[in-house]
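The values are calculated or read from the model by the stated rules, or taken from the named source; none is laboratory data. Because the structure is a prediction, the values reported are computed rather than measured. Every residue, glycine among them, receives a Cβ derived from its backbone with ideal geometry; neighbour counts consider all protein chains shown. Protein only, heavy atoms only, side chains kept; ligands, DNA and RNA dropped before computing areas. Shrake-Rupley method; radii C 1.70, N 1.55, O 1.52, S 1.80 Å.
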Amino acid sequence: MIDALNRAARKVPTWAVFVLGLLPIPYLFYRAATGGLGVEPITALEREMGLWTLQLIIAGLCITPLRRFAGVNLIKFRRTLGVLSFVYVVVHLGIWVGLDMSLRWGQMWADILKRPYITIGMVAFVLMIPLAVTSNNLSIRKMGGAAWRKMHKAVYAIALLGAAHFIMVQKVWEAEPLIYLAVILGLLALRARPLQKTSGVRAGG
Amino acid sequence: AGGIAAPAAAQSAPLEPNTLEEIRSYNNFYEFGTGKGDPAENAGAMQTDPWQVTVDGLVDNPGTYALDDLIGDMTIEDRIYRFRCVEAWSMVVPWNGFELGDLLQKLGPQEGAKFIAFETAVIPEVMPGVRRRVLDFPYVEGLRLDEAMHPLTLMATGLYGEPLANQNGAPLRLVVPWKYGFKSIKSIVRITLTDEMPPTTWNRLNAREYGFYSNVNPNVDHPRWSQASERVIGGGLFSSRQDTLMFNGYPEVAPLYEGMDLSVAY
């Protein structure tokens, strides 16, 4: 079963996953423009793009545990998921800047400085930029694998900041964002424990 | 209709009401869930007939009234009001209702009464948000008595000439157009006249973000949202923000707050 899955995964080109992963963007814009996302489509679209960002980051964090604990090797898709999450966060931010805030730069700048949940979201976005820029073979060669992997561990912080951003945008404690945080904490915990037990065995983060 | 609500100086064009569908599908009513669509989805199960309202405290005519006995003799007017949520979105709603001041006159506030407090129904069987305890229910709100007596302050029973939908606060809700929407408490079951400032739900949850007065004020910063501008519901994907007006465009209420620092009493 696992072997069949791994064999199948080897045949799927990463570009196909990338293109498939982009499809929700035009689909959601279409739904927003035609009333499918309710009477306040901008906020709904902004939220959808944020959710996709977080879900793709979480999917990326699943790759290593899947390999380590289930023997499923999807490692070649990890960068694809990371780049996709960056595309979604750019769209999320673009909706905020262009549609939600209507290019009110002064108000946006004040919000970035003053509203903790916006500050945190913006920090997470800025941290994603170098990871997206170096998500190519040339960068790995130039940086060296060890340095590249170390730098890309920043995704752990990004995931936590993203979950915090989601929790803080709510007015009360909601279950859904807390579940996202719990899943992220769980995925990070899976990385911490086995290293202590099986010393000497190293599996890249 | 709505003449009193529309000072000529504050606006260039007459208010264009949102559609009934918009007003009924985008709501905050946490008893029925925290999503904007949850109230429309869940509130239908609430029975609003019969409905009782308890009147107590510093009042000449206390008691538990059947709704019709309490408000059956009130004069229902049309009032087209701006509605500004603290989350920085807004609508225009064509309410049907009567002035709270008229009801108060009938109830007879006593000498010492300085505030009015309201309470929303709590019916866990039909209210998923109450079962999940997303807030400290029952939802409570209040006004200073002079705010309650202001001719703009409305008790709504309908909109667009139809009875209120449950998600809009049937069968009886408050509408205070110069305050953030959460002050306009829905589905009222208790009215209390009191001599001290009553607790209010959002203030109790987070006093730094939600004050007792909660007047719409683009100059007073809210820790979570800038209140300088607002999104108008129903404009579609490419509608732009509009500036938020002081007192939501109802400057005639300013004398109520003369001598008060509204950045402190927010």
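Residue check: is residue A:2 within 23 Å of the chain's Cα centre (by Cα) and among the aliphatic types (A, V, I, L, M)? Considered against the rule, which asks whether it is within 23 Å of the chain's Cα centre (by Cα) and among the aliphatic types (A, V, I, L, M), residue A:2 comes out as no.
I'd like the full set of residues that are under 22 Å from residue A:62 (Cβ atoms) and of a type in the set (Val, Ile, Thr), limited to the range A:113-163. Result: A:134, A:140, A:155, A:158.
Residues of the range B:210-230 that are modelled with pLDDT under 95, at the interface with chain A (Cβ under 8 Å from one of its Cβ atoms) and open to solvent by less than 20 Å² (accessible area, probe 1.4 Å): B:226 alone.
Each residue in the range A:38-78 was checked for being over 18 Å from residue A:187 (Cβ atoms) and assigned to a helix (DSSP H, G or I), and 11 pass.
The residues of the range B:27-54 that are surrounded by fewer than 18 Cβ atoms within 10 Å (Cβ to Cβ), farther than 15 Å from residue B:164 by Cα and touching a residue at least 60 places away in the same chain (Cβ under 8 Å), listed by number, are B:52, B:54. Taking the criterion of being within 14 Å of chain B (Cβ to nearest Cβ), open to solvent by less than 30 Å² (accessible area, probe 1.4 Å) and either more than 17 Å from residue B:223 (Cα to Cα) or within 12 Å of the chain's Cα centre (by Cα) (or both), the only residue of the range A:150-179 that qualifies is A:177.
Filtered by the rule that a residue be under 12 Å from residue B:60 (Cβ atoms) and crowded, with 17+ Cβ neighbours inside 10 Å, the range B:97-123 gives B:104, B:107, B:109, B:113. Restricted to the range A:81-170, the set of helices (runs of 4 or more DSSP H) holding at least 3 residues that are under 21 Å from residue A:15 (Cα atoms) comprises A:116-133, A:137-143. Checked against (1) surrounded by fewer than 17 Cβ atoms within 10 Å (Cβ to Cβ); (2) out of contact with any helix residue (DSSP H, G or I) (no Cβ under 8 Å at 6 or more places or on another chain), residue A:102 passes all but a single condition, namely (1). Within the range A:64-80, restricting attention to residues that are touching a helix residue (DSSP H, G or I) at 6+ places or on another chain (Cβ under 7 Å) and without any contact (Cβ under 8 Å) to a residue 24 or more places away in the chain, the residue that is nearest to residue A:8 (Cα to Cα) is A:75. Pull up the range B:231-258, narrow it to residues that are without any contact (Cβ under 8 Å) to a residue 24 or more places away in the chain and away from chain A (no Cβ under 13 Å), then point me to the one that is least open to solvent (accessible area, probe 1.4 Å). Step by step, filter the range B:231-258, then rank; the result is B:254.
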